[in-house]
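A single structure is presented below for examination.
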Amino acid sequence: MKPAAFAYCAPTSLDEAVRALQAADGDGKVMAGGQSLMPLLNFRMTRPTMVVDLTKIPDLSFIEQRGDRVAIGALTRHADLEFSALIAERLPVMSAAMPHVAHLAIRNRGTIGGSLSHADPAAELPMLAVFYSATIRAQGPAGRRDIAAEDFFVSALATCLDPDEIVFEIEFPVLETHTGWAFEEVSRRFGDFALACIALSIETRDGAIVDARVAVMGVADTPLRLRDAEQALLGARGDAAAAFGAVVRGCVAPNSDIHVSADYRRALIGALAEKAFTRAWQRAAGGPK
Amino acid sequence: MTIDITVTINGRLYRASVEPRLLLSDFLRDTLGLTGTHVGCEHGVCGACTVIIDGDSVRSCLTLAVRADGATITTVEGLGTPEQLNALQHQFRECHGLQCGFCTPGMLMTGMDLLKKYPLATDDQIREGLSGNLCRCTGYQNIVAAIRAAAALRNETTP
């Protein structure tokens, strides 16, 4: 038995869960799938006095279309997203990313709300939230609020959530007019946290790009949407892969760590950007999906 | 603080009163004596403690025993018997898919879930599926071979 002792409750409503967190006075910890929190507990890197288990709260696990958006409940498991036909059709970049999220046994328990709230800078779902410009909806003592994904992630493992706020659903706008996309990631071992990763989606008209979306992760404290790189793609044609790689390299300032150097990371994200461009362009041109 | 739980494991009903911090892996091994489930890293990296909970493979070291209340669990003891191995265990024996045996329970439980959910049409897919399970003996070659053989058998029997 490795975690330090804690009290435990499994409320059956969000209101009750928020009250339990308030009562814990900053020493409470929310548990959803537990796949990031449990290692921290086992190592005693975190020692909450109260663990508030969300899994008994009904109706927090769903994937549904709402007009031009896809709404996902906070307790929806990674494996549910991986195998969802709706996600594959409406959010193809997310669908392509899901097999890279840890390993099957982790995806069977880990949740989207948990991954976003944990805010690992090398995790896929926080980057996807930023990429799609998702709205993250949270409930706290003062009621509910909507948070733009780019405002949600503050730093590594830090979000703008108050200690007694809980994410309950996330809305992803569909990139309706985009026809080309790509997701590229490199990690030490398949399923490990990314050394670098890029998501790209484009709309083309008359053989040129008229709209683009670019996000990266693994190269900063938070996932980043690269608006300069998006701008640089406007008007670009099929021969722009190398130029796009150079722009993306210029947009990031990664750190060295025990895995790789900053120079390696910058070179890697540029190479992934080139690969992503080529793949997205092929898809937009009606090539292999 | 202890909490009463009821869990069905390998077809048998167990009742117990557990501390919230008790890990399912320790509950299986220490409380119930089901030592087939192995414990390696205890933080979700090595995969040795993988069990099946309500049809899905799960790390038992990343699961609190209290959260298994009401669940149906299969551990390696619930697959086959020494006299009658199940199909995947049989392939591990045929292909020599183990050496010291420490990772084997986790490999088997992961393999069962992979066979249920993925085509496993190529060795790359099998290796990606096994990437969360560490083996320090075999170099993985014969584990991949065992799962390849089990997948081929599955495709024959379930068209």
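The values are calculated or read from the model by the stated rules, or taken from the named source; none is laboratory data. As the structure is a computational prediction, the values presented were derived from the model and not from experiment. Cβ coordinates were reconstructed from backbone atoms using ideal geometry, including for glycine residues, and neighbour counts include every protein chain displayed.
Given the options A:I269, A:I209, name the one that is among the aliphatic types (A, V, I, L, M) and over 21 Å from A:A119 (Cβ atoms).
The unique qualifying residue is A:I209.
For region A:87-110, give me each residue that is more than 13 Å from chain B (Cβ to nearest Cβ) and under 17 Å from A:G191 (Cβ atoms).
Residues of region A:87-110 more than 13 Å from chain B (Cβ to nearest Cβ): A:87-97.
Within region A:87-110, A:M94, A:S95, A:A96, A:A97 qualify.
Related question: Within region B:99-106, is there a residue that is in contact with a strand residue (DSSP E or B) (Cβ under 6 Å, 6 or more places away or on another chain) and hydroxyl-bearing (S, T, Y)?
No, region B:99-106 contains no residue that is in contact with a strand residue (DSSP E or B) (Cβ under 6 Å, 6 or more places away or on another chain) and hydroxyl-bearing (S, T, Y).
Looking at region A:128-151, which of its residues are more than 20 Å from A:D15 (Cα to Cα) and touching a helix residue (DSSP H, G or I) at 6+ places or on another chain (Cβ under 8 Å)?
Those that are more than 20 Å from A:D15 (Cα to Cα) and touching a helix residue (DSSP H, G or I) at 6+ places or on another chain (Cβ under 8 Å): A:L128, A:A129, A:V130, A:F131, A:Y132, A:S133, A:A134, A:T135, A:A149, A:E150.
Would you say A:L60 is in contact (Cβ under 8 Å) with a residue 40 or more places away in the chain and either closer than 30 Å to A:V214 by Cβ or touching a helix residue (DSSP H, G or I) at 6+ places or on another chain (Cβ under 8 Å) (or both)?
Working: in contact (Cβ under 8 Å) with a residue 40 or more places away in the chain: yes; either closer than 30 Å to A:V214 by Cβ or touching a helix residue (DSSP H, G or I) at 6+ places or on another chain (Cβ under 8 Å) (or both): yes.
So A:L60 passes the test.
Moving on. Have a look at A:A97, A:A102 and point out the one that is in a loop (DSSP other than H, G, I, E, B) and hydrophobic (A, V, I, L, M, F, W, C). Talk me through it step by step, then tell me what you get.
Values: A:A97 fails: in a loop (DSSP other than H, G, I, E, B).
After ruling out the rest, the residue left standing is A:A102.
Just to be sure before I move on: is A:G245 in contact (Cβ under 8 Å) with a residue 24 or more places away in the chain, touching a helix residue (DSSP H, G or I) at 6+ places or on another chain (Cβ under 6 Å), on the phi < 0 side of the Ramachandran plot and not in a loop (DSSP other than H, G, I, E, B) in the structure I sent?
Yes: the conditions hold for A:G245.
When the residues of region B:58-80 are narrowed to those that are of a type in the set (G, A, S) and either away from chain A (no Cβ under 14 Å) or out of contact with any strand residue (DSSP E or B) (no Cβ under 7 Å at 6 or more places or on another chain) (or both), which ends up farthest from B:L13 (Cα to Cα)?
That would be B:G80.
Can you list the strands (runs of 3 or more DSSP E) found entirely within region A:132-181 that contain at least 3 residues being in contact (Cβ under 8 Å) with a residue 12 or more places away in the chain and touching a Cys at 6+ places or on another chain (Cβ under 6 Å)?
none
Next question. Are any residues in region A:175-204 hydrophobic (A, V, I, L, M, F, W, C), over 10 Å from A:P92 (Cβ atoms) and at pLDDT 95 or above, and if so, which ones?
Scanning region A:175-204 gives A:V186, A:L195, A:A196, A:C197, A:I198, A:A199, A:L200, A:I202.
So, in region A:220-242, exactly how many residues are of a type in the set (V, I, T) and in a helix (DSSP H, G or I)?
So the count comes out to 0.
When region B:100-114 is examined, which residues are found to be over 12 Å from A:L104 (Cα atoms) and surrounded by 20 or more Cβ atoms within 10 Å (Cβ to Cβ)?
B:C103, B:T104, B:P105, B:G106, B:M107, B:L108
Here's another thing I want to ask about it. Report whether or not B:Q84 is more than 23 Å from B:S25 (Cα to Cα), touching a helix residue (DSSP H, G or I) at 6+ places or on another chain (Cβ under 6 Å) and more than 11 Å from every other protein chain (Cβ to nearest Cβ).
no
Kindly indicate the residue of region A:5-46 that is surrounded by fewer than 13 Cβ atoms within 10 Å (Cβ to Cβ) and either at the interface with another protein chain (Cβ under 8 Å from one of its Cβ atoms) or of a type in the set (D, E, K, R) (or both) and also farthest from A:E165 (Cα to Cα) among those meeting that condition.
Initially, region A:5-46 is screened for residues surrounded by fewer than 13 Cβ atoms within 10 Å (Cβ to Cβ), giving A:5, A:12-13, A:15, A:25-26, A:43-45.
Still in the running and either at the interface with another protein chain (Cβ under 8 Å from one of its Cβ atoms) or of a type in the set (D, E, K, R) (or both): A:5, A:15, A:25, A:43-44.
On the way: A:A5: 23, A:D15: 10, A:D25: 12, A:F43: 25, A:R44: 23 Å.
This residue is A:F43.
Okay, next question. Can you pull out the residues in region A:203-219 that are within 25 Å of A:E124 (Cα to Cα) and in a strand (DSSP E or B)?
A:E203, A:D211, A:A212, A:R213, A:V214, A:A215, A:V216, A:M217
Out of all the residues in region A:187-201, which are assigned to a strand (DSSP E or B) and surrounded by fewer than 19 Cβ atoms within 10 Å (Cβ to Cβ)? If you could, list the steps in order and put the result at the bottom.
Step one: list which residues in region A:187-201 are assigned to a strand (DSSP E or B), which gives A:187, A:194-201.
Passing the criteria: only A:S187.
Just for region B:1-46: of the residues that are of a type in the set (D, E) and within 11 Å of chain A (Cβ to nearest Cβ), which one is nearest to A:M50 (Cα to Cα)?
Step one: of region B:1-46, the residues of a type in the set (D, E) are B:4, B:19, B:26, B:30, B:42.
Then drop every residue that is not within 11 Å of chain A (Cβ to nearest Cβ), which leaves B:19, B:26, B:30, B:42.
On the way: B:E19: 13, B:D26: 21, B:D30: 25, B:E42: 21 Å.
Among those residues, the one meeting the criterion is B:E19.
Given the options B:R29, B:R93, name the one that is under 30 Å from A:C9 (Cα atoms) and assigned to a helix (DSSP H, G or I).
B:R29
Next up: Looking only at region B:28-61, which residues are crowded, with 19+ Cβ neighbours inside 10 Å, small (G, A, S) and within 13 Å of A:L104 (Cα to Cα)?
Those that are crowded, with 19+ Cβ neighbours inside 10 Å, small (G, A, S) and within 13 Å of A:L104 (Cα to Cα): B:G44, B:G47, B:S57.
Further question: List every residue pair whose Cβ atoms sit under 8 Å apart, with the two residues 6 or more apart in sequence or on different chains, where the first one lies in region A:261-285 and is surrounded by fewer than 22 Cβ atoms within 10 Å (Cβ to Cβ) and the second, anywhere, is outside any helix (DSSP H, G or I) and basic (K, R).
Partner pairs satisfying both residue conditions: A:R283/A:K289.
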